[in-house]
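Below is one structure; the comments refer to it alone.
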Amino acid sequence: MKHKKLAKKTLFKGGTILDPAADKEFKGDVLVENGKIAAVGNIAVDSAEVIDCQGLVVTHGFCDLHVHFREPGREDKETLQTGSIAALAGGFTRVFAMPNTDPPIDSPESVRFIAEKAEACPIHIHPIGAATKGQLGKELTEISGMVQEGAMAFSDDGLPIMDGGVMRRVLEYGGMLDKPIINHAEDVCLRDDGVMNEGRMSTRLGLPGNPG
Ligand SMILES: [Zn+2]
C-alpha cells in the first residue's frame with residue numbers, strides 16, 4: 001500500500017462528514033490547504049486536487065491506545081513502518097505501542113529507538129514503556145528517564161504485576177510524572193489454568209474455570 005502527501009489544495013468532495021466533537025453528521029465537502037482544514041460545506045474551487053468521497057466517511061483520524069507492533073525482535077512479522085501503514089489504512093493516525101517486544105521496551109535507550117524510528121512513519125507512534133525490567137514484575141524500570149525519551153504511559157502489557165509493593169511504586173511514579181499506568185488486572189494465582197468463566201457450565205464441561 002502506498003500513502004502520499006496531500007496536494008497544497010485538496011478538496012474532499014461529497015463525503016459524509018462526522019464531527020463527534022460538535023455532534024454533527026452531514027454530507028458535504030472539506031477543503032484542506034497546506035495540511036489544514038480551510039473550509040467545510042458545499043465548496044467550489046477552481047484549482048484543487050479533488051478526491052471523490054461519495055459513499056465514504058470523512059472524519060478525524062482515530063487513535064488506538066493499545067497496539068502491538070513487533071519491532072524490535074520480530075521484524076519478519078511487522079515493523080513500525082508496515083504496522084503504521086496498516087493502521088493508516090484503517091483510519092488510525094495515532095497509536096500507542098505496547099512494550100512487549102523482543103527485547104521489551106524497558107529502558108530509556110529502547111524508548112528512544114522507537115521514538116526515532118517513529119519519525120519516519122506516516123502516523124504518530126507513542127511508545128509505552130515497560131513498568132518493570134524485562135516485564136518480569138520485580139524491578140522498576142527507569143521510568144523518569146523513559147519519560148524524557150518519549151514514553152507516554154507504562155505497562156507490562158498482558159503480564160499482571162503481582163507484587164503489591166512493586167505496583168504501588170509504579171503507581172506512585174505514574175502519579176508523580178503524570179503518566180498513566182496500564183495494568184492487566186488479573187491474579188495469576190486465582191486464574192491458574194482456567195480456560196473459561198467458572199460456573200455451572202465449566203463444571204458441566206469439566207473445564208478449569210476462572211473465578212470472578
Ligand atoms: Zn496487549
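The values are calculated or read from the model by the stated rules, or taken from the named source; none is laboratory data. It should be emphasised that the depicted structure is a prediction, and the values quoted were computed from it without experimental measurement. Glycine also receives a Cβ, built like all others from the backbone with ideal geometry; neighbour counts cover every protein chain displayed. The accessibility values were calculated without ligands, DNA or RNA, using every heavy atom of the protein model including side chains. Shrake-Rupley method; radii C 1.70, N 1.55, O 1.52, S 1.80 Å.
Some points to look at:
- Segment 16-117 - percent relative contact order, Cα under 8 Å, separation 6 or more: 22 percent
- Gyration tensor over the Cα atoms of segment 62-189: the corresponding equivalent ellipsoid has semi-axes (square roots of 5 times the eigenvalues, largest first) of 24, 15, 13 Å.
- Per-residue ellipticity at 222 nm from helix content only, as computed over the chain with -39500 (n - 2.57) for each DSSP H run of at least four residues, stands at -6500 deg cm²/dmol.
- Under 15 Å, Cβ to Cβ, from Thr16 - net charge with Lys/Arg +1 and Asp/Glu -1: -2
- In a reduced charge model with +1 at each Lys and Arg Cβ and -1 at each Asp and Glu Cβ, segment 62-189 shows a dipole moment near 160 debye about its Cα centre.
- Fluctuation leader among Glu33, Glu142, Glu78 - the chain, Gaussian network, Cα springs under 10 angstrom: Glu33
- Of Ala38, Ala21, Ala185, the residue with the greatest mean-square motion in the GNM of the chain, using alpha carbon springs below 10 Å, is Ala21.
- DSSP assigns beta bridges within the chain; of those with both partners inside it, close to 45 percent run antiparallel.
- Comparing segment 9-58 with the 2.2 N^0.38 Å rule of thumb, its C-alpha radius of gyration ratio is 1.07 (two decimals).
- Taking the Cα atoms of segment 1-89, the ratio Rg/Rh between the radius of gyration and the Kirkwood radius comes to 1.08.
- With R₀ set to 45 Å, the beta-carbon distance separating Glu198 from Ser47 gives a calculated FRET efficiency near 0.10.
- Entry note, segment 67-137: relative contact order of 36 percent, from Cα contacts under 8 Å with a spacing of 6+ residues.
- Farthest toward the positive end of the dipole of the chain, out of Pro99, Phe69, Leu207, is the Cα of Phe69, where the dipole comes from beta carbon charges about the Cα centre.
- For the pair Asp19 and Leu205, label points projected 7 Å from Cα toward Cβ lie 4.9 nm apart.
- Just checking the listed ones, Pro99, Pro127, Pro160: in the Gaussian network model of the chain with Cα springs under 10 Å, the one fluctuating most is Pro160.
- Relative contact order %, segment 113-212, counting alpha carbon pairs below 8 Å whose residues are six or more apart: 20 percent
- At the residue level, Ser47 shows approximately 80 square angstrom of accessible surface with a 1.4 angstrom probe and all protein chains present.
- 5 angstrom amide H check on Asn210, placed H, neighbours 5+ away: Val195, Met196, Asn197, Glu198
- On the basis of the beta-carbon distance and an R0 of 22 Å, Glu33 and His124 show a calculated FRET efficiency of 0.55.
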